Structure formats: structure tokens, C-alpha cells
1. With θ taken as phi - 60° and the coefficients 6.51, -1.76 and 1.60, list the Karplus ³J(HN,Hα) couplings across the range 23-28 in order, rounded to whole Hz; mark glycine and proline as x.
2. For Q31 and S82, calculate 0.36 nm times their separation in residues minus their Cα-Cα distance, and state this gained length in nm to one decimal.
3. Using θ = phi - 60° and the Karplus form 6.51 cos²θ - 1.76 cosθ + 1.60, what ³J(HN,Hα) does each residue of the range 61-68 get, whole Hz, x for Gly and Pro?
4. Just to verify a number: what accessible area does T100 come out at with the full protein assembly present, 1.4 Å probe, Å² rounded to tens?
5. Under the rule of at least 5 residues apart or a separate chain, name every residue whose amide H is placed under 5 Å from the amide H of G16.
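The values are calculated or read from the model by the stated rules, or taken from the named source; none is laboratory data. Here the structure is a predicted model, which means the values were calculated and not measured. SASA here: full protein model, heavy atoms, side chains in, ligands and nucleic acids out. Shrake-Rupley method; radii C 1.70, N 1.55, O 1.52, S 1.80 Å.
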Amino acid sequence: HYECFHQNEVIFFLIGSDSLYSLDTWDNYLQLLELTNLLVINRKDYDYNKLHDNQANLFDIIKNRLININNLNQELLLQTKSNGNIYLLNQISSIDISSTQIRKLIKNNNLYNKNNLNFPDSTKYLTQDVLKYIISNNLYN
């Protein structure tokens with residue numbers, strides 16, 4: 001599906017370093033690496049600078065894709081012309097939230113049963129458009 005509609009686009013996929021540590025357990029993760037650029041934010045207890053010690057096999061597979069950057073800026077995004085890179089963000093303020101927590105917040109607020117999508121406080125981590133997309137496409141239900 002992706003290749004039919006977005007084959008000439010540069011795509012960025014944001015993940016936490018905890019997800020990077022388990023990337024080799026994802027379905028089709030090598031294909032994901034070819035189709036996107038990963039932006040990785042360090043998370044407590046999952047320092048990606050120690051990935052080579054903790055996940056040696058995965059590190060061997062991805063080491064040539066790793067790029068350390070100090071901050072995320074628009075020029076970097078605009079200058080990136082291809083997919084397949086893994087950008088390790090060194091200096092970025094992180095928010096203590098995960099996609100699992102967001103899924104729970106959406107379910108706990110019963111947002112799938114609401115016709116009027118007000119932006120609830122508990123999902124302050126999402127824009128209204130993203131929240132509408134999640135609900136209208138039944139992604140977390």
C-alpha cells in the first residue's frame with residue numbers, strides 16, 4: 001500500500017529508544033527501515049548509546065544507518081533526500097508518554113462512542129486532527 005502511494009516521498013517515523021531496542025521483534029522491520037527514516041528519542045533506561053552492548057545483533061544490522069544529531073531542525077528534514085537512516089536525537093526535551101499510554105487514554109475516555117470530538121485533557125499529546133484520524137480509522141479499538 002505504502003509503495004503505491006508514497007514511493008518518492010521521504011518519511012520520518014518517530015520512536016522512543018525503548019522501541020529501537022526491540023526493533024528486531026517488529027514484523028517487517030527491515031522493510032520499515034527501507035521505507036522511512038527513524039527519529040529516535042532517548043528514553044530513561046534505554047540509552048541508545050549503549051545499544052551496541054545490549055543488543056549486539058541488532059546493532060550490527062543497523063550500525064551503518066545511525067546518525068547522531070544534536071537537535072531536530074527543519075533544515076535537516078528538508079535536506080534529507082532518501083529513506084533508510086536512523087537519526088538519534090541527542091538533545092531534545094522528552095515527554096514521559098508512550099503510544100501504549102495514549103491508546104489507554106483514548107479507550108478510557110470512551111472516545112470511540114462520542115460523535116462530537118472535543119479534545120480531552122487526557123489526550124493533550126495529540127493534535128485534534130491526529131485524534132480524529134485515530135478514531136475515524138478505528139486504530140486503537
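1. 4, 6, 9, 6, 5, 6
2. Numbers: separation 51, 0.36 × 51 = 18.36 nm, distance 1.41 nm.
So the extension gain works out to 17.0 nm.
3. For the range 61-68, the Karplus curve yields 6, 9, 4, 6, 9, 6, 9, 7 Hz.
4. Answer for T100: close to 60 Å² accessible.
5. Excluding prolines and chain starts, which carry no amide H, the hits are I41.
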